[in-house]
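See below for the structure under consideration.
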Amino acid sequence: MATISDRLDGQVALVTGASSGIGEATAEALAAEGAAVALAARREGELASLADRLETGGAETLVVPTDVTDEAEVEDMIDTTVSELGCLDILVNNAGVMLLEAVAEADTDNWRQMVEVNLLGLMNATHAALPVMREQESGHVVNVSSVAGRQASATASGYNATKFGVNGFTEAFRQEVTDDGIRTTLVEPGIVDTELQEHIPDDEVQESVNEWVESMEPLTGTDIARTIAFAVAQPQHVSVNELLIRPTQQE
């Protein structure tokens, strides 16, 4: 992959959940715009493969294996990025899981995992990055939510709860940092063809979701990555606060 633009030249981006899907595509898109990219996820092998591919195209990368449910690891992720790459201009909080079940049948450990990954991991990463960005007097936090953060549906209660939380947290954070030169973007994808649905624990729900995905042309990780690159490449005085993106065929 060759660098095709210099819109983010000299900037440092950190992407969580970078081992696949939206995170992997976002790392590729930001590297293509000239950013140095720190890659965070639990699966170190996938991160290393992505880093090799990006570096072959001329990008600077850093692999930071991280479990976002561990607050100490999240703090180390931020510290390592800054110490190795020199700053932190863009934080993309993308790591997430989608463990859909009806409330009556739900395994509450799945609820806990979604809260810890989708919401607390994002909150802790933002908390750890904030002092860095305030000292720089600049920065951009991109939080990947979902249409499920706007619209609740049966069998998605736990997932809905985390994504509604992401939306509320992001808007409150935006209001806190408007005088600090820090921008925020909330990204709310509709149906995206990624591995998220492969981990749905309820077989009937998983089959229903798969049929839904197959009934239309879904979004791809690259579609979402392009919108993130668009938002973070805007001039400093322009803050694209919210992007709701659905497949054309999604109701």
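Which condition number in (1) closer than 18 Å to L91 by Cβ; (2) of a type in the set (A, V, I, L, M); (3) in contact with a Pro (Cβ under 6 Å, 6 or more places away or on another chain) is the one that L186 fails?
Condition not satisfied by L186: (3).
Being polar (S, T, N, Q) and outside any helix (DSSP H, G or I) is the filter; apply it to region 84-126 and report the residue that is farthest from G23 (Cα to Cα).
Applying the filter and picking the extreme gives N93.
Which one of these is crowded, with 24+ Cβ neighbours inside 10 Å, modelled with pLDDT of 95 or more and more than 21 Å from V82 (Cα to Cα): A35, A25, A18?
Just a single option satisfies the conditions, and that option is A25.
Among the residues in region 90-102, are any modelled with pLDDT of 95 or more and more than 24 Å from I224 (Cα to Cα)?
No.
Sort out which residues of region 76-114 are under 21 Å from A40 (Cβ atoms) and among the hydroxyl-bearing types (S, T, Y), and write them in order of number.
T80, T81, S83 - these are the residues of region 76-114 that are under 21 Å from A40 (Cβ atoms) and among the hydroxyl-bearing types (S, T, Y).
Picking from T178, T184, which residue would you name as being under 21 Å from the mean Cα position of the chain (by Cα) and within 26 Å of A229 (Cβ to Cβ)?
None of the others qualify; the one that does is T184.
Would you check if N167 is of a type in the set (S, T, N, Q) and touching a Ser or Thr at 6+ places or on another chain (Cβ under 6 Å)?
yes
Answer with yes or no whether T194 is of a type outside the set (A, V, I, L, M) and modelled with pLDDT of 95 or more.
no
When region 127-164 is examined, which residues are found to be polar (S, T, N, Q) and part of a helix (DSSP H, G or I)?
Result: Q136, S157, N160, T162.
Restricting attention to region 192-236, which residues are in contact (Cβ under 8 Å) with a residue 60 or more places away in the chain, part of a helix (DSSP H, G or I) and farther than 30 Å from G181 by Cα?
E195, L196, Q197, H199, V205, Q206, V209
Assess whether Q236 counts as being out of contact with any Leu (no Cβ under 8 Å at 6 or more places or on another chain), of a type in the set (S, T, N, Q) and surrounded by fewer than 17 Cβ atoms within 10 Å (Cβ to Cβ).
Here the answer is yes, as Q236 does meet what is asked.
For the list (1) over 30 Å from L62 (Cβ atoms); (2) surrounded by fewer than 16 Cβ atoms within 10 Å (Cβ to Cβ), I need the number of the one condition that Q136 fails.
The failed condition is (1).
Please tell me if V187 is under 23 Å from V82 (Cα atoms) and hydrophobic (A, V, I, L, M, F, W, C).
no
Take the conditions under 23 Å from A35 (Cα atoms) and either buried (at least 23 other Cβ atoms within 10 Å of the Cβ) or modelled with pLDDT of 95 or more (or both) and apply them to A72. Does it pass? Explain how you work it out, then say what you get.
Details: under 23 Å from A35 (Cα atoms): no; either buried (at least 23 other Cβ atoms within 10 Å of the Cβ) or modelled with pLDDT of 95 or more (or both): yes.
No; evaluated as a whole, the condition is false for this residue.
Condition first: among the polar types (S, T, N, Q), out of contact with any Cys (no Cβ under 6 Å at 6 or more places or on another chain), surrounded by 18 or more Cβ atoms within 10 Å (Cβ to Cβ) and at pLDDT below 95. Can you find one or more residues in region 168-188 that meet it?
At the first step, the residues of region 168-188 found to be among the polar types (S, T, N, Q) are 170, 175, 178, 184-185.
Now narrow it down to the ones that are out of contact with any Cys (no Cβ under 6 Å at 6 or more places or on another chain): 170, 175, 178, 184-185.
Checking which are surrounded by 18 or more Cβ atoms within 10 Å (Cβ to Cβ) leaves us with 170, 184-185.
Those left that are additionally at pLDDT below 95: none.
No, region 168-188 has no match at all.
Are there any pairs with C-beta distances below 7 angstrom linking a residue in region 23-34 that is part of a helix (DSSP H, G or I) to a residue that is of a type in the set (K, R), with the two at least 6 apart or on different chains, and if so which?
A29/R226
Count, please, the residues in region 40-67 that happen to be farther than 20 Å from R7 by Cβ, touching a residue at least 12 places away in the same chain (Cβ under 8 Å) and either crowded, with 19+ Cβ neighbours inside 10 Å or not hydroxyl-bearing (S, T, Y) (or both).
Summing the residues that are farther than 20 Å from R7 by Cβ, touching a residue at least 12 places away in the same chain (Cβ under 8 Å) and either crowded, with 19+ Cβ neighbours inside 10 Å or not hydroxyl-bearing (S, T, Y) (or both) in region 40-67 gives 17.
State whether the residues of region 171-191 include one that is in contact (Cβ under 8 Å) with a residue 60 or more places away in the chain, aliphatic (A, V, I, L, M) and in a helix (DSSP H, G or I).
Scanning region 171-191, I find no residue that is in contact (Cβ under 8 Å) with a residue 60 or more places away in the chain, aliphatic (A, V, I, L, M) and in a helix (DSSP H, G or I), so the answer is no.
Considering region 49-93 alone, what residues qualify as being touching a strand residue (DSSP E or B) at 6+ places or on another chain (Cβ under 6 Å) and of a type in the set (G, A, S)?
The answer is A51, and nothing else.
The values are calculated or read from the model by the stated rules, or taken from the named source; none is laboratory data. Keep in mind that this is a model prediction, so the values were computed, not measured. Using ideal geometry, Cβ is built from the backbone for each residue, glycine included, and neighbour counts are taken over all protein chains shown.
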